[in-house]
Amino acid sequence: MDFQNNRQDYGNMQPQIPGNAPYPGRPARQENAMSTAAMVTGILSIVSIFLLPVYLPLFFAGISIVLAFLSRGADRSLTSRAKAGFITALCSIFLNLAVMILFAYLLIHVPAYRQQFEELYEQMYGESLDDAMDDAFGIAE
């Protein structure tokens, strides 16, 4: 060992010092906790589409998008986990929108679904759906 700060020539081989990148150039970026949290909440937003559509996926997707952009810090680009969280959050928003459009289509165009929904509505609220629409909007069918 040389304790007098004299450089040793290693040739083409660089010594492997713990914490250094194995190749010269830009050092590897470390994933931070916010990017991991963005990825986890993005995954939760996709899973929650099947549990409670509309509210829960939008809640988790919003948190995931905010955490993904906050995880950047001073950097201009997102880490891989933050990108995964952002992409899964966008996918869950679009899937949630597709579920809502499908439900509205079935409710309007398929009489069996409309009848079943009206029966459930009357059991839950004690009045028919048509009466509730009339009270809310002043429109009678």
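The values are calculated or read from the model by the stated rules, or taken from the named source; none is laboratory data. This is a predicted model, so every value here is computed, not measured. Because the Cβ atoms are built from the backbone with ideal geometry, glycine has one as well, and the counts that use them run over all protein chains shown.
Given Tyr113, Tyr125, which one is more than 21 Å from the chain's Cα centre (by Cα), surrounded by 13 or more Cβ atoms within 10 Å (Cβ to Cβ) and either of a type in the set (Phe, Trp, Tyr) or within 17 Å of Pro53 (Cβ to Cβ) (or both)?
It is Tyr113.
Please indicate, with yes or no, whether at least one residue in the stretch 53-61 is more than 10 Å from the chain's Cα centre (by Cα) and either farther than 25 Å from Leu102 by Cα or surrounded by 15 or more Cβ atoms within 10 Å (Cβ to Cβ) (or both). Steps first, please.
The first filter runs over the stretch 53-61 and keeps only residues more than 10 Å from the chain's Cα centre (by Cα), leaving 53-56.
Still in the running and either farther than 25 Å from Leu102 by Cα or surrounded by 15 or more Cβ atoms within 10 Å (Cβ to Cβ) (or both): 53, 56.
Yes: the stretch 53-61 contains one or more residues that are more than 10 Å from the chain's Cα centre (by Cα) and either farther than 25 Å from Leu102 by Cα or surrounded by 15 or more Cβ atoms within 10 Å (Cβ to Cβ) (or both).
Could you please tell me which pairs satisfy a Cβ distance under 8 Å, a separation of 6+ or placement on different chains, a first residue in the stretch 109-120 that is over 18 Å from Asp131 (Cβ atoms), and a second residue that is part of a helix (DSSP H, G or I)?
Cβ pairs passing all conditions: Tyr113/Leu106; Tyr113/Leu107.
Does Leu90 satisfy the condition of being within 22 Å of Leu44 (Cβ to Cβ), out of contact with any Phe, Trp or Tyr (no Cβ under 8 Å at 6 or more places or on another chain) and either β-branched (Val, Ile, Thr) or in the same structural domain as Ser45 (by TED's automatic domain parsing) (or both)? Step through it out loud before you land on a result.
Working: within 22 Å of Leu44 (Cβ to Cβ): yes; out of contact with any Phe, Trp or Tyr (no Cβ under 8 Å at 6 or more places or on another chain): yes; either β-branched (Val, Ile, Thr) or in the same structural domain as Ser45 (by TED's automatic domain parsing) (or both): yes.
It is true that Leu90 is within 22 Å of Leu44 (Cβ to Cβ), out of contact with any Phe, Trp or Tyr (no Cβ under 8 Å at 6 or more places or on another chain) and either β-branched (Val, Ile, Thr) or in the same structural domain as Ser45 (by TED's automatic domain parsing) (or both).
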